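Undergrad: Here's a structure for you.
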Amino acid sequence: MISGLRELVCAALLSALFAAPALAQEVKAGDLVITQAWSRATPGGAKIAGGYLTIENKGSAPDRLIGGSGDVADKVQVHEMAMNNGVMTMRPLDKGLTIEPGKTVKLAPGGYHLMLLDLKYPLKQGDKVPITLESERAGKVKPSLDVQGVGPQAPAGASHDTKKMPDHSGMKM
Ligand SMILES: [Cu+2]
């Protein structure tokens, strides 16, 4: 009985693993390479969503991710999340996010992220949401966010965020 249950759990885990979309898409602009751009479905009429991606600077000079835009939302900002006196807060990075030459910066839940504010339509699992990011040197980069399910999972290939993270809507902006 117990071993049967374990097999069942394993099968469920495996199917979840294989159901995850392959995020091989690579978007380049100048020396910047963006991969694994994703977001989460927004149930219940949420008006904001996070955007996550990996950005690599293959050049020899630092670049800066300043902000973005897209039809999906009124504003696309670059945010930072941090603990402040035991409270998780986030704020826009006014000067942008620096990507040092030869370095890779990951925007992921619990850290740096894109913030889509005043969504024009809900994000649904399986959607691809095109956005335009603005960088100081490389100019415009246009990745599409692969919308994942509502759960807190990262896409296949991304590291797993095991920290408990409060919902965005409950956070100080
Ligand atoms: Cu944010």
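Undergrad: Looking at this structure, is Lys164 exposed (fewer than 13 other Cβ atoms within 10 Å of the Cβ), among the basic types (Lys, Arg), within 12 Å of the ligand (Cβ to nearest atom) and modelled with pLDDT under 70?
TA: no
Undergrad: I'd like the full set of residues that are among the small types (Gly, Ala, Ser) and touching a Pro at 6+ places or on another chain (Cβ under 9 Å), limited to the stretch 81-136.
TA: Residue satisfying the conditions is Gly126 alone.
Undergrad: Just need a number here: residues in the stretch 112-138 that are open to solvent by 30 Å² or more (accessible area, probe 1.4 Å), more than 12 Å from the ligand (Cβ to nearest atom) and either assigned to a loop (DSSP other than H, G, I, E, B) or free of Cβ contacts under 8 Å to residues at least 40 places away in the same chain (or both).
TA: Number satisfying all stated conditions: 10.
Undergrad: With the stretch 32-111 as the region, which strands (runs of 3 or more DSSP E) entirely inside it contain at least 3 residues that are under 15 Å from Leu123 (Cβ atoms) and away from the ligand (no atom under 12 Å from the Cβ)? If you could, list the steps in order and put the result at the bottom.
TA: Working: elements: 32-40, 48-57, 63-69, 73-84, 87-92, 97-99, 104-107.
In the stretch 32-111, the matching strands (runs of 3 or more DSSP E) lie at 32-40.
The values are calculated or read from the model by the stated rules, or taken from the named source; none is laboratory data. Fair warning: this is a prediction, and the values are worked out from it, not measured in the lab. So basically every Cβ, Gly included, is an ideal-geometry build from the backbone, and we count neighbours across all protein chains shown. For accessibility, only protein heavy atoms count, side chains too; no ligands or nucleic acids. Shrake-Rupley method; radii C 1.70, N 1.55, O 1.52, S 1.80 Å.
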